[in-house]
Amino acid sequence: MTTTLVTQALILAGGQATRMRPYTDDAPKAMVPVAGAPIVGYQLAWLAEHGVKSVTISGGYKHEMISDYVGDGSRFGVEVRYAIEDEPLGRGGGLKFAAGRLAAPGAPFFVLNGDVITTFSLTDLSEYHQRRGGAVTVALSPYRSNWGVADLDDGDRIRGFVQSPELPYWINAGIYVFNPDVVELLPDKGDHEDSTFPELASDGRLIGYRLSGYWRGIDTVKDVVEASREIRVSGGLLHREFRTTDPNI
């Protein structure tokens, strides 16, 4: 296990994720199984691996399924708290609400969208955040095309196709380090990417971190299928005690 400078995290798991149906007809997005285990299971195992001690899960839609699976977090090696919204607050509002229920509200914390699976080093991210001195550091992943790209010669003859290549752009990976003083800048309702982040960017306080290693956003049924295959091939299956379905489905 590696140890990070930041030892607490917040997982945003309150959305209904209509694009993930039928997986989310009866379950929150964080509980969608990928190679047999819910997304939140991968996240908690990854956080614990990097020395995170306390995790607050922000829940809303069918949040009971998350707490039934995760419990107090002890089997993952972390302490888990819950911040349950009475009404939908949006990502920014949910983040602000849940930040008040962190184990140490005055200390920096990681934030994860509840739909990402990754293996990059949180230790590197937290050290980078400290060195750069920003208010929020945003993990960035290379943008991968959803389509095959034609390889053309000078005469427009097609030499072949490159399937889903990485393009020279960087996208928000849905993983952040927040300084505690940013919480008061978050909206009570709405999306922090529409308000707080532009304000921090204009002040030069929003920093980008180009991650290396596996990252996958789980946003569609196709993502579930592809991520399950990738995890099986890489040997990244969670132990059977954390699985809820057959990993080969």
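The values are calculated or read from the model by the stated rules, or taken from the named source; none is laboratory data. The shown structure was predicted, so the numbers you read here are calculated from the model rather than taken from an experiment. Counting neighbours? That spans all protein chains shown, and the Cβs are built from the backbone with ideal geometry, glycine included. Accessible surface is based on the protein model in full, side chains and every heavy atom, while ligands, DNA and RNA are left aside. Shrake-Rupley method; radii C 1.70, N 1.55, O 1.52, S 1.80 Å.
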Exercise. Which condition number does VAL136 fail, the rest of (1) touching a helix residue (DSSP H, G or I) at 6+ places or on another chain (Cβ under 9 Å); (2) modelled with pLDDT under 95 being met?
Worked result: (2)
Problem set entry | The lone exception for GLY60 - which of (1) open to solvent by 10 Å² or more (accessible area, probe 1.4 Å); (2) out of contact with any Gly (no Cβ under 7 Å at 6 or more places or on another chain) it fails | (2)
For this session: Give GLY174, GLY217 a once-over and let me know the one that is closer than 17 Å to ILE39 by Cβ, under 15 Å from the mean Cα position of the chain (by Cα) and surrounded by fewer than 19 Cβ atoms within 10 Å (Cβ to Cβ).
Result: GLY217
Seminar exercise, completed: Checked ASP156, ASP246, ASP203 against criteria (on the phi > 0 side of the Ramachandran plot and not hydrophobic (A, V, I, L, M, F, W, C)); the one match is ASP156
For this session: From ALA139, ALA150, grab the single residue that is surrounded by 15 or more Cβ atoms within 10 Å (Cβ to Cβ) and either in a strand (DSSP E or B) or free of Cβ contacts under 8 Å to residues at least 24 places away in the same chain (or both).
Result: ALA139
Exercise. Can you name the number of the only condition in (1) assigned to a loop (DSSP other than H, G, I, E, B); (2) under 17 Å from the mean Cα position of the chain (by Cα); (3) farther than 30 Å from GLY133 by Cα that ILE231 fails?
Worked result: (1)
For this session: Answer yes or no as to whether LYS189 is open to solvent by 50 Å² or more (accessible area, probe 1.4 Å) and without any contact (Cβ under 8 Å) to a residue 40 or more places away in the chain.
Result: no
Problem set entry | Those residues of segment 88-117 which are open to solvent by 10 Å² or more (accessible area, probe 1.4 Å) and part of a helix (DSSP H, G or I), in sequence order | GLY90, ARG91, LYS96, PHE97
